[in-house]
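The structure under discussion appears below in the form of structure tokens.
Every number in this text was worked out from the coordinates using simple rules, so none of it is lab data. Since this is a predicted model, take the numbers as computed values, not measurements. Glycine gets a Cβ as well: all are built from the backbone with ideal geometry, and neighbour counts include every protein chain shown.
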Amino acid sequence: MKKVHFIVGPTASGKTFLSQLIAEQLKIEIVSADSRQIYRYLDIGTAKPDAAFRAQVPHHFIDICDPDEYYSAGIFGRQARQAIGKIFARNATPLVVGGSGLYIKALVDGIFELDAKSESVRERLERQLTEKGLPDLFQWLREVDPRYANKISSNDRQRILRALEVFLVTGKPFSYFHQKKPQSADFVPVFWGLELERNLLYQRIDRRAEQMLDEGLLEEVRQVLAKGYHPDLNALNTVGYKEAIEYIQEKISYQIMLERIQRNTRRYAKRQLTWFRADPRVHWVEVTLKEDYQLLSRKIITA
């Protein structure tokens, strides 16, 4: 089987920079494995590759959905496997770049229902539970997954929430995974993890937050809201956007907004590292200097 290289790691670790170095030396097409870059209009806050690089090198799975459009890791896994096959057919080299662990899991291994988890989805369901009550959620489950709903009690809060979470994350009913094995990839994945000393990573994260605001994050959010998109959408309930919305709604000050973006991004980076470090297939490479990225790019090209 053919090999596919993956560049993974926390936000602000230099994944895009490394992919640019590789693109200078090899005919590649980039498969973005980022659960936020799929959305149109959300550019600055998701740190999408700039337009010049995207014009030079084909990118897949960027700007494929509107902010209120449903998409999931399961859908990505299936579509990305198809895209990689087509890239190989064009005699190009696919390079998967991203920090969304569940998306990469779906692409390489397929998703079992137990892997389908999302903090934002669970928080949304918890809010609905508080506002509307358990009977309303159970009725929803009966509509989307009657087979599983008939097997559990209408008072089984934990199983109702879990089944709805799986449905929202994967786009498939919970009962679907009881009868079908996930489809894994037909290529050999080679994972390269970018590792930075923690203080350096946090400095980069803090600086990136400031740069995003300088580049117009607040105006980007205002434009998205002006298009009629609700601030409670999952796409906007993510780091950078939710804090900006709170500032626009005059709930917090500018300084508190900045500090929360920095803090929450650091927390997100920590979760990303925890996810990828749990995968023994990842080859970790320390990248502190520009020369480290250049050396790794040559290593990937010749691997």
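Could you state the number of Å between the C-alpha centres of the range 130-144 and the range 215-281?
28 Å
Have a look at the range 73-211 and give its Rg and Dmax from the Cα atoms, expressed in angstrom.
Calculated on Cα positions, Rg and Dmax stand at 19.1, 55 Å.
Calculate the all-directions average of the projected area of the range 165-230's alpha-carbon convex hull, and give it in nm².
On the way: hull surface 36.2 nm².
The orientation-averaged projected area of the Cα hull of the range 165-230 comes to 9.0 nm².
Determine, for each peptide in 34-43, 264-273, the mean count of other beta carbons within 10 angstrom over its residues, then list the peptides with the highest first.
34-43, 264-273
Could you give the length gained by full extension between VAL188 and LEU295, i.e. 0.36 nm per residue of separation minus their alpha carbon distance, to one decimal place?
On the way: separation 107, 0.36 × 107 = 38.52 nm, distance 2.25 nm.
Extending this stretch completely gives an extra 36.3 nm.
Taking only Cα atoms and a 10 Å spring cutoff, compute GNM fluctuations for the chain and point out the largest among LEU168, LEU137, LEU218.
LEU137
Under a cut-off of 16 Å between alpha-carbon atoms, report the lysines in cross-link reach of LYS172, not counting same-chain residues fewer than 8 places apart.
Candidates past the 8-residue exclusion: LYS117, LYS180, LYS181.
Could you sort the peptides 117-123, 50-56 by per-residue average Cβ neighbour count (10 Å cutoff), highest mean leading? Intermediate results must be reported in sequence, preceding the final value.
Values: 117-123: 15.1, 50-56: 11.6.
Those peptides, ordered most packed to least, come out 117-123, 50-56.
Please give every one of the aspartates and glutamates within straight-line cross-link reach of LYS3, meaning a C-alpha to C-alpha distance under 13 Å, and leave out same-chain neighbours fewer than 8 residues apart.
Straight-distance partners of LYS3: ASP186.
State the dimensionless ratio Rg/Rh of the range 1-131 (Rg: radius of gyration of Cα atoms; Rh: Kirkwood radius). Don't skip to the answer; put the middle values down first.
Working: Rg = 15.6 Å, Rh = 15.7 Å.
Ratio of gyration radius to Kirkwood radius for the range 1-131: 0.99.
For the chain, what are the per-bin percents of Cα-Cα distances with bins 10 Å wide, up to the bin holding the maximum?
Bin by bin from 0 Å, the calculated values are 6, 25, 33, 25, 10, 2.
What are the extents of the Cα atoms of the range 119-178 along their three principal axes, in Å, largest first?
29, 22, 17
Counting only C-alpha contacts under 8 Å and six or more residues apart, can you give the relative contact order of the range 119-178 as a whole percent? Intermediate results must be reported in sequence, preceding the final value.
Values: 47 pairs, mean separation 19.8, N = 60.
The normalised contact order for the range 119-178 reaches 33 percent.
Give me ILE30, ILE301 sorted ascending by neighbouring Cβ count inside 10 Å, so fewest comes first.
Values: ILE30 27, ILE301 15.
So the ranking, lowest neighbour count to highest, is ILE301, ILE30.
List every residue whose amide H lies under 5 Å from the amide H of PHE191, counting only residues 5 or more places away in sequence or on a different chain, with H placed 1.01 Å from N in the peptide plane.
So PHE191 has HN proximity to PHE6, HIS283.
What is the Cα convex hull volume of the range 192-285 when expressed per residue in Å³?
Numbers: hull volume 10.8 nm³, N = 94.
Given the Cα convex hull of the range 192-285, per-residue volume reads 115 Å³.
Report ³J(HN,Hα) in whole Hz for each residue of the range 15-24, in order, from the Karplus equation J = 6.51 cos²θ - 1.76 cosθ + 1.60 where θ = phi - 60°; Gly and Pro get x.
For the range 15-24, the Karplus curve yields 5, 5, 4, 4, 5, 5, 4, 5, 5, 5 Hz.
Starting from the Cα of GLU197, step 7 Å along the direction of its Cβ; do the same at GLN128; then give the gap between the two resulting points in nm.
4.7 nm
Residue separation times 0.36 nm, minus the C-alpha to C-alpha distance between LEU225 and ASN237: what's the value? List each step's numbers first, then the result.
On the way: separation 12, 0.36 × 12 = 4.32 nm, distance 1.27 nm.
Answer, rounded to one decimal: 3.0 nm.
For the pair TRP284/ASP66, report the inter-label distance in nm, with labels modelled 7 Å from Cα in the Cβ direction.
Here the modelled spin labels are 4.3 nm apart.
Do any of LYS48/LYS290; LYS151/LYS242; LYS105/LYS227; LYS227/LYS251; LYS132/LYS251 go past 30 Å between their Cα atoms, and which? Walk me through the numbers before you get to the answer.
Working: LYS48/LYS290 20 Å; LYS151/LYS242 37 Å; LYS105/LYS227 33 Å; LYS227/LYS251 21 Å; LYS132/LYS251 25 Å.
With Cα atoms farther than 30 Å apart: LYS151/LYS242; LYS105/LYS227.
Remind me, relative contact order of the chain in percent, using alpha carbon pairs under 8 angstrom and six or more residues apart? Show your work: numbers first, answer last.
Working: 415 pairs, mean separation 85.2, N = 303.
After rounding, I find 28 percent.
According to a simple spin-label model (label point 7 Å from Cα along Cα-to-Cβ), what is the distance in nm between LYS151 and GLN249?
3.8 nm
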